[in-house]
Structure formats: structure tokens, C-alpha cells
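Peer 1: Supplied in C-alpha cells, the structure appears directly below.
The values are calculated or read from the model by the stated rules, or taken from the named source; none is laboratory data. In this text, all values refer to a predicted model and were calculated from it rather than measured experimentally. A quick note on method: Cβ atoms are made from the backbone with ideal geometry, for glycine too, and the neighbour counts reach across all protein chains shown. The accessibility values were calculated without ligands, DNA or RNA, using every heavy atom of the protein model including side chains. Shrake-Rupley method; radii C 1.70, N 1.55, O 1.52, S 1.80 Å.
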Amino acid sequence: MSEENKIWAEKAEKVFMGTYARYPAAMVKGEGCTLTDAEGKKYLDCLAGIAVCSLGHCHPAITEAVCKQVSELVHVSNLYYTKPQTELVELLTKHSFADQVFMANSGAEANEAAIKLARICAGPERYGIISLAGSFHGRTLATVAATGQPKFHEGFEPMPEGFSHAPFGNLNVLEAMITNQTCAIMCEPLQGESGVRPLDIDYLQGVEKLCRDHNLLLIFDEIQTGMGRTGTLFAYEQIGVVPDIMTLAKALGNGMPIGAMLSRKEIAASFVPGTHGSTFGGNPVACAAAVATMKIMLEDGFMSEVLEKGEYLQKGLEKLAERFPKLASGARGMGLIRGLVLTDAGVEQGADMVKKLFDNGVLINFAGNVVLRFLPPLIITKEEIDQLLAAVADVLAGCK
Ligand SMILES: *Cc1c(COP(=O)(O)O)cnc(C)c1O
């Protein structure tokens, strides 16, 4: 048994395309915030499959919903109605600004749908979409073009036309970039991948106003921030900005692959039979998981606990920054998406810190080359947060 991780890693490396540098563990089981690898080693999972397993691994209610659905109906395409899909879109519209939903299978697909909706809604002359420097919107060609990080474009040029990137947090430059061709502004309320970077509320409200003044659609990519991650079902609720289009994925199905693009009726009306589609989008099994996930997240007290535990984690991280000023300068985030901001000396050792934590049985990642990023399951306990903070402290104490 003891070489199991290595055996699986060696098999995988031979046959997988090299898009990922993986840690040397083959995970075999998950329960709550704990993952177990093929050799029986346990990990405190504070990444949750990158903000996906928000109710923890193998939550019994989700497992039950998935098993039941799998035994009844797995797939029929979107040529017919299904109950789980309808239940899900009813819940999503009831609890958001949106009236209508398009179902996809991933975040990138949800954003593709948003880009297509914004363009078709604006008409043929207006196709320009402005997003922000440092943003992350996905890996398909259009979403990678929307992504404001040149490293994701390299080697794949020419990029699809019509995308430009405004500097982070600068309203004047953003306004100056708007032309007759612009149809939408697209942004994350808080940039996850580039280092847990919140945008000022004033800035986001300014973006909304620009959209209203210039007749542009505001697209919020809440793929990472949505579904309770920030302590409200959607981050926009805390910002006092209502987007025209919102995209969701990651935690929506607590691990089942699913994405959604939501909008108001008048805008959604531009999508008619034939304009867009997906064979798998809104698959009954994924939707059954999402319905069960949403029902739990909507229970009384769930979100207030996320906020409270988020504050607790924030305070703990701030204390670590005070204790290790050479390595960390502060902490930031919302709810249970948090980053420990590293100093230049810290950044040099960021990847090593994550590897040492992995060795010590704690999973986090190094985001944007600036922060240690914490995305624990929202059901994490304070005891587990203490365990996480102690593990991070140990690793910081061992750094240069
Ligand atoms: C993860 C992510 C995406 C892409 O989602 P995929 O499911 O990987 O396609 C897009 N936008 C944001 C903000 C994300 O965090």
C-alpha cells in the first residue's frame, strides 16, 4: 500500500497532457473538510476543490439527491423538460435579481453564454466587452480573451476580437475606454484567481453607473464568489450593485459539474430557439445536486455562520501577518474566501509554503503569486480553522 500515491502518479503522468503540475497524492475519499489519499493520509482540505465543495465532501444530502436522480433519470438533453432543472432555475431566480437562466456545465461555458447574450442583445455593431486587468473568466478562447492576464493568452493568439482590459480599480480609464462598439463590462466582484483582490464598493457602484449612463450591460462573474462563498448567496448583495447578467458554476452543484448564466427577462429575450445551446447543460443529476445544495445554503443561519467564520479566519490571518511581518503583510477577502498577503520575501517562498502545508496534511494554494488563498468548505468548524491557522503558523515559523 505504501507506494500507492507514486504508482498512480506515474501512471497518470504517462497519459495525461501536461496542463497541471499536481501534488503527489491520489485522493480516494472525502468527508466534510477531510480528504484521504491512496495511502490513508488525511488532509484538512481548505481549498474545497477550488471553491467547489462548499458543503464539504460527500455531504449526505447531496449524495442522497444524486443517487436518487441517477437511479431515476440521468440525461435527456434540452429537447425536453426535467424536474430537477426546473426546480433549480426556480430557486435561482427566486433568490436573485434574475428572471431567467441558461444552464451550462462549467464556469467558462456560463461566461461564454454571457458574452454571447450581451452581444446578441446589443445588436451587430456593438460587440466590445471590457473586463479588468487581473481578472479570470475561463479557458475557452472567448473567456480567455476576456481574462485580463496576458500569461493566459500567450501562444494562443490571435485572440477573438472585441475584448479589452481596464486597469484594476480605475474608473476614469474605464470610462475613457468605452466606445460606440462597447456592449458590456464584465467583472468579478472580488478577483479570486489573481490573488483574492476585492474591488472597492465605490468602484463597483461607479461601474454600475457607467453601465447605466452608457447603456451597457453589467456582467458579474460570480463563479467563485457566488453560492455563499462571501457570506451572502451572491456577493453583489453586499455591494449594493445589481448586475444585468450573472454567471455561476463552482459551488453550484457542490462538486457536480454545472454552470449557469442568469439575467433579467428583457435581456434574456434575445436568446431564442437556436441562438445558443448545450447538450449536457442542466443535466438532471447535476441539477439535483444543485437543488439540494441550494436548499441547505438557504437554511436559516447558514450565511451568518459563513460571515462569522470568515471574520474569525480573517482575524487569525491578520495575527499571523503581525507575527511574521517579514513574510506576510496582511489579510483580505470576504466571507470564506481569504488571502494571506505575502511580502516580496514571502512570495519567493509561497509555493514552498503550500507544499510544506501539503506535506503536513493541509490543502491551500498560492494565488496570483501574491497570497496564500483559503477557500475552505463553508461548513468548516472553528476548531478546524484553528487547526489551519496553527499549521500555517508552523510553516511560516520554518521559513527564512
Ligand atoms: C473558476 C472560474 C472560472 C472558470 O470556471 P471553469 O469551471 O473552470 O470553466 C471563471 N471565472 C471565475 C471567476 C472563476 O473563478
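Peer 1: May I ask you to list the residues in segment 126-143 that are within 15 Å of Cys187 (Cβ to Cβ) and out of contact with any Ser or Thr (no Cβ under 8 Å at 6 or more places or on another chain)?
Peer 2: From segment 126-143, those within 15 Å of Cys187 (Cβ to Cβ) are 128-138, 143; that's our starting set.
Residues satisfying the conditions are Leu132, Ala133, Thr143.
Peer 1: For Thr182, are the conditions met, namely being open to solvent by less than 30 Å² (accessible area, probe 1.4 Å), more than 11 Å from the ligand (Cβ to nearest atom) and of a type in the set (Ser, Thr, Tyr)? Reasoning before the result, please.
Peer 2: Details: open to solvent by less than 30 Å² (accessible area, probe 1.4 Å): yes; more than 11 Å from the ligand (Cβ to nearest atom): yes; of a type in the set (Ser, Thr, Tyr): yes.
The answer is yes for Thr182.
Peer 1: Shifting gears a bit: Which members of segment 243-270 meet the condition of being small (Gly, Ala, Ser) and under 14 Å from the mean Cα position of the chain (by Cα)? Full working, then the answer.
Peer 2: To start, the set of residues in segment 243-270 that are small (Gly, Ala, Ser) comprises 249, 251, 253, 255, 259-260, 263, 268-270.
Residues satisfying the conditions are Ala249, Ala251, Gly253, Gly255, Gly259, Ala260.
Peer 1: Of the residues Glu64, Glu13, which is under 27 Å from Glu193 (Cα atoms), in a helix (DSSP H, G or I) and not aromatic (Phe, Trp, Tyr)?
Peer 2: Glu13 is the lone residue from the list that is under 27 Å from Glu193 (Cα atoms), in a helix (DSSP H, G or I) and not aromatic (Phe, Trp, Tyr).
Peer 1: Among the candidates Ala321, Ala345, Ala331, single out the residue that is open to solvent by less than 30 Å² (accessible area, probe 1.4 Å) and farther than 28 Å from Ala249 by Cβ. I'd like the intermediate steps shown before the answer.
Peer 2: Working: Ala345 fails: open to solvent by less than 30 Å² (accessible area, probe 1.4 Å); Ala331 fails: farther than 28 Å from Ala249 by Cβ.
Ala321 is the lone residue from the list that is open to solvent by less than 30 Å² (accessible area, probe 1.4 Å) and farther than 28 Å from Ala249 by Cβ.
Peer 1: Further, regarding this structure: For Ala118, which of the numbered conditions (1) of a type in the set (A, V, I, L, M, F, W, C); (2) more than 30 Å from Lys309 (Cβ to Cβ); (3) not assigned by TED's automatic domain parsing to the domain that holds Ala286 fails to hold?
Peer 2: Ala118 satisfies every listed condition except (3).
Peer 1: Could you give every pair whose Cβ atoms fall below 6 Å, whose first residue belongs to segment 82-109 and is in the same structural domain as Ser263 (by TED's automatic domain parsing), and whose second residue is within 16 Å of the ligand (Cβ to nearest atom) and aromatic (Phe, Trp, Tyr), counting only separations of at least 6 or pairs across chains?
Peer 2: What qualifies is Asn105/Phe280.
Peer 1: A further question follows. Does any residue of segment 151-165 turn out to be part of a loop (DSSP other than H, G, I, E, B), of a type in the set (Gly, Ala, Ser), modelled with pLDDT of 95 or more and within 16 Å of the ligand (Cβ to nearest atom)? Spell out the reasoning first.
Peer 2: Residues of segment 151-165 that are part of a loop (DSSP other than H, G, I, E, B), as a first pass: 153-162.
Now restrict to residues that are of a type in the set (Gly, Ala, Ser): 155, 162.
Okay, now just the ones that are also modelled with pLDDT of 95 or more, so 155, 162.
So of that shortlist, the ones also within 16 Å of the ligand (Cβ to nearest atom) come out as none.
No, every residue in segment 151-165 fails to be part of a loop (DSSP other than H, G, I, E, B), of a type in the set (Gly, Ala, Ser), modelled with pLDDT of 95 or more and within 16 Å of the ligand (Cβ to nearest atom).
Peer 1: For Gly316, state whether it is open to solvent by 10 Å² or more (accessible area, probe 1.4 Å) and either within 16 Å of the ligand (Cβ to nearest atom) or in contact (Cβ under 8 Å) with a residue 12 or more places away in the chain (or both). Don't jump to the end; show me each part of the working.
Peer 2: Details: open to solvent by 10 Å² or more (accessible area, probe 1.4 Å): yes; either within 16 Å of the ligand (Cβ to nearest atom) or in contact (Cβ under 8 Å) with a residue 12 or more places away in the chain (or both): yes.
For Gly316, the condition - open to solvent by 10 Å² or more (accessible area, probe 1.4 Å) and either within 16 Å of the ligand (Cβ to nearest atom) or in contact (Cβ under 8 Å) with a residue 12 or more places away in the chain (or both) - is met.
Peer 1: Could you check how many residues of segment 211-225 are outside any loop (DSSP other than H, G, I, E, B) and either open to solvent by less than 10 Å² (accessible area, probe 1.4 Å) or within 16 Å of the ligand (Cβ to nearest atom) (or both)? Full working, then the answer.
Peer 2: Applying the first criterion (outside any loop (DSSP other than H, G, I, E, B)) to segment 211-225 yields 211-213, 217-221.
This time we only want the ones that are either open to solvent by less than 10 Å² (accessible area, probe 1.4 Å) or within 16 Å of the ligand (Cβ to nearest atom) (or both), so: 211, 218-221.
Within segment 211-225, residues that are outside any loop (DSSP other than H, G, I, E, B) and either open to solvent by less than 10 Å² (accessible area, probe 1.4 Å) or within 16 Å of the ligand (Cβ to nearest atom) (or both) number 5.
Peer 1: Being in contact with a Ser or Thr (Cβ under 9 Å, 6 or more places away or on another chain) and closer than 22 Å to Gly195 by Cα: is that true of Leu378 here? Give the steps one after another, and end with the answer.
Peer 2: On the way: in contact with a Ser or Thr (Cβ under 9 Å, 6 or more places away or on another chain): yes; closer than 22 Å to Gly195 by Cα: yes.
So Leu378 passes the test.
Peer 1: Inspect all residues belonging to segment 87-100 and state whether any of them is more than 16 Å from the ligand (Cβ to nearest atom), crowded, with 23+ Cβ neighbours inside 10 Å and closer than 18 Å to Ser278 by Cα.
Peer 2: Yes: segment 87-100 contains one or more residues that are more than 16 Å from the ligand (Cβ to nearest atom), crowded, with 23+ Cβ neighbours inside 10 Å and closer than 18 Å to Ser278 by Cα.
Peer 1: Quick check, is Leu217 closer than 21 Å to Val144 by Cα and of a type in the set (A, V, I, L, M, F, W, C)?
Peer 2: Judged against the criteria, Leu217 is a match.
Peer 1: Cβ-Cβ under 7 Å, sequence separation 6+ or interchain: first residue in segment 123-152 and under 17 Å from Thr182 (Cα atoms) and without any contact (Cβ under 8 Å) to a residue 40 or more places away in the chain, partner aliphatic (A, V, I, L, M) and assigned to a loop (DSSP other than H, G, I, E, B). Which pairs?
Peer 2: Pairs that qualify, where the first residue is under 17 Å from Thr182 (Cα atoms) and without any contact (Cβ under 8 Å) to a residue 40 or more places away in the chain and the partner is aliphatic (A, V, I, L, M) and assigned to a loop (DSSP other than H, G, I, E, B), are Ala145/Met159.
Peer 1: Condition test on Gly301, is it under 21 Å from Ile50 (Cα atoms) and not hydrophobic (A, V, I, L, M, F, W, C)? Let's see the steps before the verdict.
Peer 2: Details: under 21 Å from Ile50 (Cα atoms): no; not hydrophobic (A, V, I, L, M, F, W, C): yes.
No.
Peer 1: Based on this model, can you work out whether Ala145 counts as closer than 21 Å to Phe168 by Cα, open to solvent by less than 20 Å² (accessible area, probe 1.4 Å), touching a strand residue (DSSP E or B) at 6+ places or on another chain (Cβ under 6 Å) and aliphatic (A, V, I, L, M)?
Peer 2: Numbers: closer than 21 Å to Phe168 by Cα: yes; open to solvent by less than 20 Å² (accessible area, probe 1.4 Å): yes; touching a strand residue (DSSP E or B) at 6+ places or on another chain (Cβ under 6 Å): yes; aliphatic (A, V, I, L, M): yes.
Considered against the rule, which asks whether it is closer than 21 Å to Phe168 by Cα, open to solvent by less than 20 Å² (accessible area, probe 1.4 Å), touching a strand residue (DSSP E or B) at 6+ places or on another chain (Cβ under 6 Å) and aliphatic (A, V, I, L, M), Ala145 comes out as yes.
Peer 1: May I ask you to say which residue of Cys46, Cys67 is exposed (fewer than 14 other Cβ atoms within 10 Å of the Cβ), more than 16 Å from the ligand (Cβ to nearest atom) and not assigned by TED's automatic domain parsing to the domain that holds Met261? It would help to see each step written out before you state the result.
Peer 2: Numbers: Cys46 fails: exposed (fewer than 14 other Cβ atoms within 10 Å of the Cβ).
Among Cys46, Cys67, only Cys67 is exposed (fewer than 14 other Cβ atoms within 10 Å of the Cβ), more than 16 Å from the ligand (Cβ to nearest atom) and not assigned by TED's automatic domain parsing to the domain that holds Met261.
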